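Contents: one structure, followed by commentary.
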Amino acid sequence: MRYAKRMAAVLTTLALMAALIADNSSFGTVRVMATSTREQLDQTLKEKDELEGKRDELQEDIDGLKGEQNTLKGELRKLNTQLSEVSANLEELEGAIADKEREIADTQAALEEARATEEEQYINMVLRVRKMYEQSDSDYLNAFIGAMADAGSFSDMLNAADSIERIASYDKTMLDAFKENRRLIEEQEALLQQEKAELDALKVDAETEKNKVSGLIGQTSNSITKYADEISEAEQQARDYEAEIKKKEEDAEYLRQKLAEEMALSKEAAEGEWRDISDVTFAEGDRKLLANLIYCEAGGEPYAGQLAVGSVVINRVLSAKFPDSVVGVIYQNKQFSPVASGRLALALGENRATASCYQAADEAMSGVTNVGNCVFFRTPVEGLTGISIGGHIFY
């Protein structure tokens, strides 16, 4: 019976080898398990590409923010120029208003003087007229007669009377002149007041414009600062991405070296010594351990996939490059992901292995293999060739 099983295993291996040769495929090269170094490398490179994509997107955002910031800086320069112009205009208006106020003050002083002169002239003229036409006391009459007497002749008397008339006419002419001067000064004052009112209105407009521009400058400056903060934050995030990318590159390089070592180990295993299944003594518990590992790795796959996983474990037991026991192979450091994740321990604790998993373990432990001498398997990756069973590629 044992001989028949061994012959069946040999025939199966020969059939698989023939099929692989016909397909120009090869196996026996070193590969890793389900969570293989190659898969870790591929995952690391994928994560690196994703980080580079995020970094590139972030860089586009940074460029956009810098563009917006530069636009705002241009607007700020224009606003500052506008503010300088408005401030200069306001300063000019304030100077013009001060000049106008001085003119108004001078005009008002001249107006007061003109009014005083006019009033004085009017009072003097009234007094003289009153003395000439209204005063009837004897002193004035005697003085007039005396003046006539002193004239010496009627002609002189007429001349004296004419002088008095000319004085009265002169007084009236001067009064009219003073009135006209006062009127002109009043018109000048009114004009100056109107011009000052216009300047005051322009000043109010200029102050309003200055306040508006100052407000825009403040808003624009705040926006520029906000963009600067966002840019700084984004650049820090970009640096973080760069650090992560560098770490992924270092991890990828480490995994490449590790993969090369494993490839070399696989080649050595394929070309090295192999024990016969009859030379293996299985310990108590090996069957349960192997069945539960098969459950963790291929419990949801067809029976062929479950047998293939069990065959890889037994092939490693038979290879001189791996531990010589089921326990040693399964618990070898970083070889089977269910061991590291704790899934195998949980499965063993509850003995989750199904009947088909136990059947696959029994066949594998009896020497049956449907993957030849393959000692590694993993989920499919680009460029990977080998025996495809279930959700794994076996090498």
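The values are calculated or read from the model by the stated rules, or taken from the named source; none is laboratory data. Note that the coordinates shown come from a computational prediction; the quantities given were computed from them, not determined experimentally. Methodologically, a virtual Cβ is constructed for each residue, glycine included, from the backbone with ideal geometry; neighbour enumeration extends over all protein chains shown. The area values use the complete protein model at the heavy-atom level, side chains included, leaving out ligands, DNA and RNA. Shrake-Rupley method; radii C 1.70, N 1.55, O 1.52, S 1.80 Å.
The figures follow:
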read-out: Charge context of Asp200, other residues only, Cβ under 12 angstrom, K/R +1, D/E -1; value: -3
read-out: Note, ³J(HN,Hα) from phi for segment 64-79, Karplus 6.51, -1.76, 1.60, rounded to Hz, x at Gly and Pro; value: x, 5, 5, x, 4, 5, 5, 4, 5, 5, x, 4, 5, 4, 4, 5
read-out: Segment 43-102 - accessible surface per residue (Å², probe 1.4 Å); value: 64
read-out: Per residue accessible area in Å² of segment 305-382, where ligands, DNA and RNA are left out and the probe is 1.4 Å; value: 38
read-out: Protection proxy ranking, peptides 312-318, 212-218, 301-307, average beta carbon neighbours within 10 Å, highest first; value: 312-318, 301-307, 212-218
read-out: Cross-link pairs beyond the 19 Å C-alpha cut-off, checked among Lys46/Lys267; Lys66/Lys210; Lys100/Lys203; Lys48/Lys246; Lys54/Lys246; Lys54/Lys248; value: Lys46/Lys267; Lys66/Lys210
read-out: Summed residue charge, Cβ within 14 Å of Ser87's Cβ, Lys/Arg positive, Asp/Glu negative; value: -4
read-out: Probe 1.4 Å, protein heavy atoms only - accessible area per residue of segment 163-216 in square angstrom; value: 66
read-out: Within the accessible area of segment 33-124 (1.4 Å probe), percent carbon and sulfur; value: 45
read-out: Order by protection proxy (mean Cβ within 10 Å, highest first), peptides 281-289, 85-93; value: 85-93, 281-289
read-out: Partners for Lys172 among lysines (Cα-Cα distance below 26 Å; same-chain residues under 8 apart left out); value: Lys131
